[in-house]
1. Counting pairwise Cα distances across segment 4-131, what percent come out greater than 19 angstrom?
2. Just to verify a number: FRET efficiency for residue 124 and residue 56, C-beta to C-beta distance, R0 = 41 Å, to 0.05?
3. Report the one residue of 105, 61, 93 whose Cα lies farthest in the direction of the positive end of the charge dipole of the chain (charges on C-beta: Lys and Arg +1, Asp and Glu -1; origin at the Cα centre).
4. Mind listing the phi-derived Karplus ³J(HN,Hα) values for segment 44-61, rounded to whole Hz, using 6.51, -1.76 and 1.60 with θ = phi - 60°, and x for any glycine or proline?
5. Using amide H atoms built in the peptide plane, which far-off residues or other-chain residues are under 5 Å from residue 5 H to H?
6. How large is the charge dipole for segment 4-131, taken about the Cα centre, if only the Cβ atoms of Lys, Arg (+1) and Asp, Glu (-1) carry charge, to the nearest 20 debye?
7. What is the fewest-to-most order of 117, 49 by other Cβ atoms lying within 10 Å of their Cβ?
8. Taking the Cβ of residue 8 as the center, what net charge do the other residues with Cβ under 10 Å away carry, scoring Lys and Arg +1 and Asp and Glu -1?
Amino acid sequence: MNNVTIITPPDVLLNDTSSVLLISPTEHLKEMLQQSVDQLTINLNIFLYEAWFDEHEIPWVLSVSQQKNIQATILDLDNCTPAVRAFSSYFISQPNTFYLTNDSVTPYNLISNNRVYDLQWLKNILTDRGNNE
């Protein structure tokens, strides 16, 4: 059994627990994350920035993305507000950011090859960290 803690702006939680930052997820993406997390036996923090959150919370999401315990940032580009999309190249340039999009025109792959279509890979990243602690 694992403990999952959901953190939303403006709250922060500074601990050594494995963490995921979820930016502008759809309901479907949240369900995929829940399915991945249900299979884990480690504790997990999920920092959640919803598309409908106030734009004044963008400094929060930028700050959280820089925390050392964030194993993965998952960015749903198709669900981002214009304000969050303005920072998308920053997020995508980070090595631990994985992004989802249906946009086949914008060449995000020039910044990062971490485009994903599901969250099957997430369990491996989180389990590897949990085994190394």
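Values quoted throughout were computed directly from the atomic coordinates according to the rules given, and no laboratory measurement underlies them. Just so it is clear, the structure is predicted and the values come from calculations on it, not from any experiment. Glycine also receives a Cβ, built like all others from the backbone with ideal geometry; neighbour counts cover every protein chain displayed.
1. 44 percent
2. Here the calculated transfer efficiency is 0.70.
3. 93
4. 8, 9, 10, 8, 10, 10, 7, 4, 8, 5, 4, 4, 6, 8, 4, x, 4, 5
5. 44, 45, 46
6. Dipole of segment 4-131, to the nearest 20 debye: 420 debye.
7. Fewest to most other Cβ atoms nearby, the residues stand as 117, 49.
8. Result for the neighbourhood of residue 8: -3.
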